[in-house]
1. Those residues that are of a type in the set (Gly, Ala, Ser), in contact with a Ser or Thr (Cβ under 7 Å, 6 or more places away or on another chain) and under 19 Å from A:ALA27 (Cβ atoms), I need them from segment A:57-113; list them, please.
2. Considering segment B:90-102 alone, what residues qualify as being more than 7 Å from every other protein chain (Cβ to nearest Cβ), more than 23 Å from B:LYS11 (Cβ to Cβ) and not β-branched (Val, Ile, Thr)?
3. What strands (runs of 3 or more DSSP E), lying completely within segment B:1-55, carry at least 2 residues that are of a type outside the set (Lys, Arg), more than 19 Å from A:LEU46 (Cα to Cα) and under 15 Å from the mean Cα position of the chain (by Cα)?
4. For segment B:56-90, name all the residues that are in contact with a Pro (Cβ under 9 Å, 6 or more places away or on another chain) and closer than 29 Å to A:PRO31 by Cβ.
5. Check whether at least one residue in segment A:53-64 is more than 10 Å from chain B (Cβ to nearest Cβ) and either among the hydroxyl-bearing types (Ser, Thr, Tyr) or within 29 Å of B:LYS57 (Cβ to Cβ) (or both), and report yes or no.
6. Would you please name the residue that is surrounded by the most Cβ atoms within 10 Å (Cβ to Cβ), looking only at residues in segment A:85-94 that are more than 9 Å from every other protein chain (Cβ to nearest Cβ) and closer than 20 Å to A:LEU33 by Cβ?
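Please treat every number below as a calculation from the coordinates, not as lab data. These figures come from a predicted structure and were not determined experimentally. Note: ideal-geometry Cβ built from the backbone for every residue, glycine included; neighbour counts use all protein chains shown.
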Amino acid sequence: GNSVTQMEGPVTLSEEAFLTINCTYTATGYPSLFWYVQYPGEGLQLLLKATKADDKGSNKGFEATYRKETTSFHLEKGSVQVSDSAVYFCALIIIQGAQKLVFGQGTRLTINP
Amino acid sequence: DAGITQSPRHKVTETGTPVTLRCHQTENHRYMYWYRQDPGHGLRLIHYSYGVKDTDKGEVSDGYSVSRSKTEDFLLTLESATSSQTSVYFCAISETGDQETQYFGPGTRLLVL
């Protein structure tokens, strides 16, 4: 089946630290991959996406590369800020009638000043 | 701002009572989705719609029904609420030309006592 597995949280870092949140997937074929972010009290927002192998998605200093050989889409940022504190969701899209998102369980990130 | 509102934003109800949640969009997008968010599960698709009066089941549809009588509104009904339906419910929309990108509403927090 189609599934997404994220690293266990919560993750706590100091400001300006390097961030990696691991994401691996199981899917039929090569689906597009996504990172969504949820700030406290809000809905999810698309952070970045990649549509094919070796594509790199990037936004707001975050990056993730679609790795077909390791079925991974790890999220990275070189220097985190307090404002990056949020829950991050990795997701893939499947086509069953409509296009549907399959989410990982989410990783809560807290950045301390 | 993708022009999505959800109502109510918070609701407390008792087991066995019917509950209807409303999602309203101003973008005239074709596709609408209902998800529930639970700790350790990420978001899971309940139902989705691909047009007026066109709906289909998602991964966790048992105990839920939906209706879409006009483009802008997508209703989620719990016919007889149970405690296991305590959750945060998110509506999302996507457009025909870019189904991959979904825009999420602010969520409805439902507590079933």
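1. A:SER72, A:GLY104
2. Answer for segment B:90-102, where residues must be more than 7 Å from every other protein chain (Cβ to nearest Cβ), more than 23 Å from B:LYS11 (Cβ to Cβ) and not β-branched (Val, Ile, Thr): B:SER94, B:GLU95, B:GLY97, B:ASP98.
3. Once the strands (runs of 3 or more DSSP E) in segment B:1-55 are filtered for at least 2 residues that are of a type outside the set (Lys, Arg), more than 19 Å from A:LEU46 (Cα to Cα) and under 15 Å from the mean Cα position of the chain (by Cα), what remains is B:19-25, B:42-51.
4. Scanning segment B:56-90 gives a single hit, B:PHE90.
5. yes
6. The qualifying residue surrounded by the most Cβ atoms within 10 Å (Cβ to Cβ) is A:TYR88.
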